[in-house]
Amino acid sequence: MPFRPRYTGLISKYKDRLPVSDDARPISLGEGNTPLIRLNHIPRDLGRDVDLYVKFEGLNPTGSFKDRGMTMAVTHAREQGSAAVICASTGNTSASAAAYAARAGMRAFVLIPDGKIAMGKLAQAIMHGAEVLQIAGNFDAGMRIVKDMADHAPVTIVNSINPYRLQGQKTAAFEIVEELERAPDYHCLPVGNAGNITAHWIGYCECAGKRSEHLTDACSYCGGNCRYASAIVGDRPTMIGYQASGSAPFMRGGPVQEPDTVATAIRIGDPQSWEYAWHASRESGGWFDECSDEEILEAQRWLAAREGVFCEPASAASVAGAMRDIRNGRIPEGSTVVCTLTGHGLKDPDVAIRQSGDAIKTIPAELDTVRRAILDKL
Ligand code: F0G
């Protein structure tokens, strides 16, 4: 069997479609190249004939899609001679920024909302040596401070308002198109700060050789590096964004002052990529909708128990929404649908274990008791 070259991350793979200089030295942990998993049971349970896939971004090196953007943002920051990065975060961005900064030999400052980030994410930021600044405020408050901070301290912002982040994240769309050999009909994503849905639209537009009418600002950073002209596929998907009901500014038509949801990753009331995401949605003929916390947790359980895929609550919003829209026919039968699972379930063990209720009991360590417990369940 011929040897395949070692996979060394998305900058190496997509160099000619990303804004990176020829002599850039990528800061990489081997991000990207995540599996596109075809769901078997859920479409059958729904009784609908759809080709339903999940793109499991929880299998990136720090367990979320943020690594795609972070390899680009940190590579560029280091190239510019920056010594430190900063972000506000509901958890995953801070974990990713901390890891990539460590790899680059840079400092990371992360602002996180007091008590509202999942344990796994906090553990990552701490272990990677970030300066963790826990603020008595939510993500939106942290974001406002971070945006001002760049004028007051020599730090590079690595939230998705950093255009290199979106450029890195667009590669998820490239991978999907390569694997399906076409664009899906529908692409469903959870929406928080609204960067990822924007990045996917940029990626799909590039694959289709079409320039987005409205995202030229977000695209312009590539300096013509991306290959609009070399269309790989003709079509682009309909983009669908799902928000948690308690944090759904797109559904309320404006910022939500006190966002709240069990899906802490998307507990965001004032999305930074608001305009871009609206344009992406409209241009694609798509829509936004909301899912209740109960729907989100039910989809998380279904994915884990029926498909063997364990994602974090925020990620499950994409599948919760898609299941509803497949059931009600808004996503018609015969469609090819991709849902992005943005983060790994191990990020938030507390929410997972809380769902077990009192199902876990301690029993005597005896053969007979254990045998009876098994036979009871068979
Ligand atoms: N899913 C997960 C697991 C996330 O961590 C986030 C965002 C999203 C979805 C939403 O993506 O913001 O691009 O619309 N997390 C950010 C963070 C805000 O700080 O980790 P988005």
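Scanning the range 311-334 for residues that are away from the ligand (no atom under 16 Å from the Cβ), open to solvent by less than 10 Å² (accessible area, probe 1.4 Å) and among the small types (Gly, Ala, Ser) yields no hits at all.
Evaluation of VAL338 against the conditions (1) surrounded by fewer than 24 Cβ atoms within 10 Å (Cβ to Cβ); (2) more than 23 Å from SER89 (Cβ to Cβ) shows that the sole unmet condition is (1).
Looking at the range 138-168, which of its residues are polar (S, T, N, Q) and in contact with a Leu (Cβ under 7 Å, 6 or more places away or on another chain)? Listed by number, the residues that qualify are SER160, GLN167.
Among (1) within 16 Å of the ligand (Cβ to nearest atom); (2) surrounded by fewer than 20 Cβ atoms within 10 Å (Cβ to Cβ), where does GLN257 come up short? Of the numbered conditions (1) within 16 Å of the ligand (Cβ to nearest atom); (2) surrounded by fewer than 20 Cβ atoms within 10 Å (Cβ to Cβ), the odd one out for GLN257 is (1).
If you filter the range 18-72 down to residues that are surrounded by fewer than 24 Cβ atoms within 10 Å (Cβ to Cβ) and among the aromatic types (Phe, Trp, Tyr), you find that the one that is farthest from the ligand (Cβ to nearest atom) is TYR53.
Among the criteria (1) in a helix (DSSP H, G or I); (2) farther than 25 Å from GLU333 by Cβ; (3) among the small types (Gly, Ala, Ser); (4) at pLDDT 95 or above, the one GLY203 does not fulfil is (4).
Mind counting the residues in the range 333-378 that are in contact with a strand residue (DSSP E or B) (Cβ under 7 Å, 6 or more places away or on another chain) and over 17 Å from ALA263 (Cα atoms)? Of the residues in the range 333-378, 4 are in contact with a strand residue (DSSP E or B) (Cβ under 7 Å, 6 or more places away or on another chain) and over 17 Å from ALA263 (Cα atoms). Here ARG252 does not qualify as modelled with pLDDT under 95 and open to solvent by 10 Å² or more (accessible area, probe 1.4 Å). Exactly one residue among LEU122, LEU111 is out of contact with any Lys or Arg (no Cβ under 7 Å at 6 or more places or on another chain), aliphatic (A, V, I, L, M), within 11 Å of the ligand (Cβ to nearest atom) and open to solvent by 10 Å² or more (accessible area, probe 1.4 Å), and that residue is LEU111. Candidates are the residues of the range 148-163 that are away from the ligand (no atom under 14 Å from the Cβ) and touching a helix residue (DSSP H, G or I) at 6+ places or on another chain (Cβ under 9 Å); the one that is nearest to TYR7 (Cα to Cα) is THR156. Residues in the range 269-285 include at least one that is away from the ligand (no atom under 13 Å from the Cβ) and either more than 26 Å from SER212 (Cα to Cα) or open to solvent by less than 30 Å² (accessible area, probe 1.4 Å) (or both). Among the residues of the range 133-146, the ones that are open to solvent by 50 Å² or more (accessible area, probe 1.4 Å) and either at pLDDT below 95 or of a type in the set (Val, Ile, Thr) (or both) come to 1 in all.
The values are calculated or read from the model by the stated rules, or taken from the named source; none is laboratory data. All of these numbers come straight from a predicted model, not from anything done at the bench. No Cβ is skipped: glycine too gets one built from the backbone with ideal geometry, and neighbour counts run over all protein chains shown. The area values use the complete protein model at the heavy-atom level, side chains included, leaving out ligands, DNA and RNA. Shrake-Rupley method; radii C 1.70, N 1.55, O 1.52, S 1.80 Å.
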